[in-house]
Amino acid sequence: MEDNTAQFKVIANGPLQVSGNFELFDSEGEIITRQGPVFLCRCGMSADKPFCDGSHKKSGFRG
Ligand code: FES
């Protein structure tokens with residue numbers, strides 16, 4: 001990977017936005033993606049973990 005710079009941004013009351021180039025692995029060690037932007041769940045309610053599926057809005061997540 002040439003440029004492995006990634007940027008992380010906490011979205012108020014929502015997911016973690018990850019942009020740039022990085023490697024995101026699943027629990028089996030397989031690469032899910034190498035490039036953002038992706039939105040990672042912080043509330044624990046997503047049915048599509050590790051990604052945000054918008055469920056934080058219904059759950060009233062604050063953080
Ligand atoms: S942060 Fe969006 S579903 Fe969890």
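Observations
- For the stretch 6-57, dividing the convex hull volume of the Cα atoms by the residue count gives 65 Å³ per residue.
- The residues neighbouring Phe22, those whose beta-carbon lies less than 11 Å from its own, together hold a net charge of -1 under the Lys/Arg +1, Asp/Glu -1 convention.
- In the chain, taking the dipole from charged Cβ atoms about the Cα centre, the farthest positive-side position among Gly54, Phe22, Asn4 is held by Gly54.
- Taking every C-alpha pair closer than 8 Å and separated by at least 6 residues, the mean separation divided by the residue count of the stretch 6-57 gives a relative contact order of 29 percent.
- Ligands, DNA and RNA left out, the 1.4 Å accessible surface of the chain is 49% carbon and sulfur atoms.
The values are calculated or read from the model by the stated rules, or taken from the named source; none is laboratory data. All of these numbers come straight from a predicted model, not from anything done at the bench. Methodologically, a virtual Cβ is constructed for each residue, glycine included, from the backbone with ideal geometry; neighbour enumeration extends over all protein chains shown. When the accessible area is computed, the model is the full protein with side chains, heavy atoms only, and any ligands, DNA or RNA have been set aside. Shrake-Rupley method; radii C 1.70, N 1.55, O 1.52, S 1.80 Å.
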